[in-house]
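Below you'll find the structure, written out as structure tokens, and then a few comments.
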Amino acid sequence: MNPAELIDQAVHAAERAHAPYSGYRVGAALLCEDGTVVLGCNVENASYGLTNCAERTAVFSAVAAGLTRFSAIAIAASGSELPYPCGACRQVLSEFCGADFPVYVATAAGYDSLTLGELLPHSFGAADG
Ligand code: THU
């Protein structure tokens, strides 16, 4: 699957965002090694701190479905700024994905392609698991 196809799915996922507080809609499309694409969106809450980001929604949904091997992720958002994932989502991705894992971030204007290693160098990993 090429980046544009995965980004299209992330755009679709953003339509499902529950973002009544920020108005900022984010979608994620997580490509699994078996070819499955798992979608995620941001899910906000009246208690703001309970909000879950689109990327973590996708990762947690995939893991709950028994999928833990991932090939790439696309993230799409409304607005003009490219939606680089927050630190928490980078760390969660690093639990399952290596430094060469491709991350595509997109708005309607275009996209950037980078790796998880570029986004999160020296990620935390417990010495003995
Ligand atoms: N958000 C994401 O979905 N992903 C990120 O990586 C950063 C932020 C969401 C959370 C919240 O609903 C909105 O964007 C504003 O922070």
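The values are calculated or read from the model by the stated rules, or taken from the named source; none is laboratory data. These numbers were taken from a predicted model, which means no experiment stands behind them. Every residue, glycine as well, gets a Cβ built from its backbone with ideal geometry; the counts of neighbours run over all protein chains shown. Just the protein is used for accessible areas: all its heavy atoms, side chains included, with ligands, DNA and RNA removed. Shrake-Rupley method; radii C 1.70, N 1.55, O 1.52, S 1.80 Å.
Give me the residue from the stretch 1-39 that is in a loop (DSSP other than H, G, I, E, B), charged (D, E, K, R) and away from the ligand (no atom under 13 Å from the Cβ) and, out of that set, most open to solvent (accessible area, probe 1.4 Å).
The qualifying residue most open to solvent (accessible area, probe 1.4 Å) is Glu15.
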### Task
Give the residues of the stretch 65-82 that are within 18 Å of Gly98 (Cβ to Cβ) and outside any strand (DSSP E or B), sorted by residue number.
Leu67, Thr68, Arg69
### Query
Within the stretch 98-129, how many residues turn out to be farther than 14 Å from Ile75 by Cα and either out of contact with any helix residue (DSSP H, G or I) (no Cβ under 8 Å at 6 or more places or on another chain) or not hydroxyl-bearing (Ser, Thr, Tyr) (or both)?
14
### Message
Considering only residues that are outside any loop (DSSP other than H, G, I, E, B), within 11 Å of the ligand (Cβ to nearest atom) and over 15 Å from Ser94 (Cβ atoms), which ones fall in the stretch 50-64?
### Response
Leu50, Asn52, Ala54, Thr57
### Filter pass, Ser47 being more than 11 Å from the ligand (Cβ to nearest atom) and without any contact (Cβ under 8 Å) to a residue 12 or more places away in the chain
yes
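A quick yes/no check of all residues on (1) within 15 Å of the ligand (Cβ to nearest atom); (2) open to solvent by 50 Å² or more (accessible area, probe 1.4 Å); (3) more than 22 Å from Ala19 (Cα to Cα):
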| position | (1), (2), (3) |
| --- | --- |
| Ala74 | yes, no, no |
| Gly79 | yes, yes, no |
| Tyr84 | yes, yes, no |
| Ala99 | no, yes, yes |
| Thr107 | yes, no, no |
| Pro121 | no, yes, yes |
